[in-house]
Amino acid sequence: MTAPALSAADEKYPSGPITMVVPYPAGGSSDTIARVLSGPIGEQLGVQVVVENVGGATGSIAANKVLNAKADGGYFFQGSANELILPPLTNSAIRFTPDQFQNLHPINTSNLVLLVKQDLPVRSIDDFVKLAKERASSTPLTYGTVGVGSLYHLVAERMAQTIKAPLIHAPYRGSAPAMQDLAGGQIDFTIQSFSKSMKDMEKDGRYKIIAIFSKDKPGVQQEYASISDHELFKDFEYTTGSRYYVKTGTPDHIVQKLNQAIANALQDPKVVATLEGDGRTVSKPTSVPEAKDLYLDEIKTYEKIIKETGFKHTN
């Protein structure tokens, strides 16, 4: 079903370029999504959408940049629970709360994937578990994520508890630098959102794909095992989803206009083909009230994940 045409309720918005803030450096999966969608969204709005990459502190630096701007639609945020829900719930140094943002529209969902460095002597989840236990008392396995308290960090910590072996965390400013260090052998493994380019890197011998964190796998992931196939990880089902947000208090007519522009852009055949070809599931048109309910449900979901992992609040 085609999303409704853009409303003419306020012809003054947008009157010039607007900024899409991406909470990670260029080159990562978040940046890829932004580059795919910034043009089509701009076409819908009739202005240029400028992508600004602001990495660091699990996305909180970028989040604060949006919060410090006026609530007038001049800035909108591309992110996920990793940046807007989990940091306030896991890190006492984070001063904002999830309700300071409003969900404009979901973008896509992606499965998480376990990747290990090329020379790590593992080919399966069983191998990974055995090696983690063998090295527990001498040189524990090291892993990188996009930051402390991120979903990837919580999942890895839950794996460590399940295996009963320590895993040493190295936080990065984004997925791109973590992947670079994995390919360079500086860390043993990482957990990321899946991207088709990972298969190409695996073929080039840069690292190995061990498992997908879901039984529901699109065609491009079918050749890989689901981590829940292993006895220890039967209930490990994790996905992540990108969304667009604005600062709470943004006028309703601006929220509606952005919502419709994003919904229309997500129905562009080229956008759908690119995102789904990368192993993502593209979101269907979602109304403003539906987006709001989705955000509230996500907050509850991630509060549950924190309890499951037993993650302790950090400073």
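We did not get these values from a lab; they are worked out from the coordinates using the rules stated. Note that the coordinates shown come from a computational prediction; the quantities given were computed from them, not determined experimentally. We place every Cβ from the backbone using ideal geometry, glycine too, and count neighbours over all the protein chains shown.
Quick look at the numbers
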{"read-out": "Euclidean distance of C-alpha centroids, region 213-253 and region 136-207, integer Å", "value": "17"}
{"read-out": "Karplus 3J(HN,Hα) series, Hz, for region 154-169 with 6.51 cos²θ - 1.76 cosθ + 1.60 (x for Gly, Pro)", "value": "4, 5, 5, 5, 5, 4, 4, 5, 5, 6, 6, 8, x, 10, 8, 8"}
{"read-out": "Computed magnitude of the charge dipole of region 98-230 (debye, nearest 20; Cβ of K, R +1, Cβ of D, E -1)", "value": "100"}
{"read-out": "Per-selection metrics, region 60-100 (Cα): Rg and Dmax in Å", "value": "10.1, 29"}
{"read-out": "Lys/Arg +1, Asp/Glu -1 at C-beta; the chain dipole; positive extreme among 180, 198, 214", "value": "180"}
{"read-out": "Loop sites in region 244-315: trypsin sites (Lys or Arg not before Pro), DSSP, at most 16 other Cβ within 10 Å", "value": "312"}
{"read-out": "Calculated FRET efficiency for the pair residue 297/residue 69, C-beta based, R₀ 25 Å, to 0.05", "value": "0.40"}
{"read-out": "Among (1) 26.0, 78; (2) 26.0, 86; (3) 19.5, 65, the entry derived from the coordinates for Rg and Dmax of the Cα atoms in Å", "value": "(3)"}
{"read-out": "Shape category assigned to region 111-233 from the gyration tensor of Cα positions, a/c cut at 1.5", "value": "rounded"}
{"read-out": "GluC sites (Glu not before Pro) lying in DSSP loop within region 191-267, provided at most 14 other Cβ fall within 10 Å", "value": "223"}
{"read-out": "Theoretical gain in end-to-end length, residue 307 to residue 133 [0.36 nm per residue, Cα-Cα removed]", "value": "60.2 nm"}
{"read-out": "Rounded to whole Hz, the Karplus (6.51, -1.76, 1.60) HN-Hα couplings of region 305-310, x for glycine and proline", "value": "4, 4, 5, 4, 7, x"}
{"read-out": "Helical mean residue ellipticity (222 nm; -39500 (n - 2.57) per DSSP H run of 4+; nearest 500) of the chain", "value": "-11500 deg cm²/dmol"}
{"read-out": "Beta bridge orientation in region 111-233: antiparallel %, DSSP, nearest 5", "value": "55"}
{"read-out": "Per DSSP, loop trypsin sites (Lys or Arg not before Pro) in region 147-184 with at most 16 further Cβ within 10 Å", "value": "164"}
{"read-out": "17 Å reach of a label modelled at residue 223, 7 Å along Cα-to-Cβ, counting backbone N of region 176-201", "value": "194-201"}
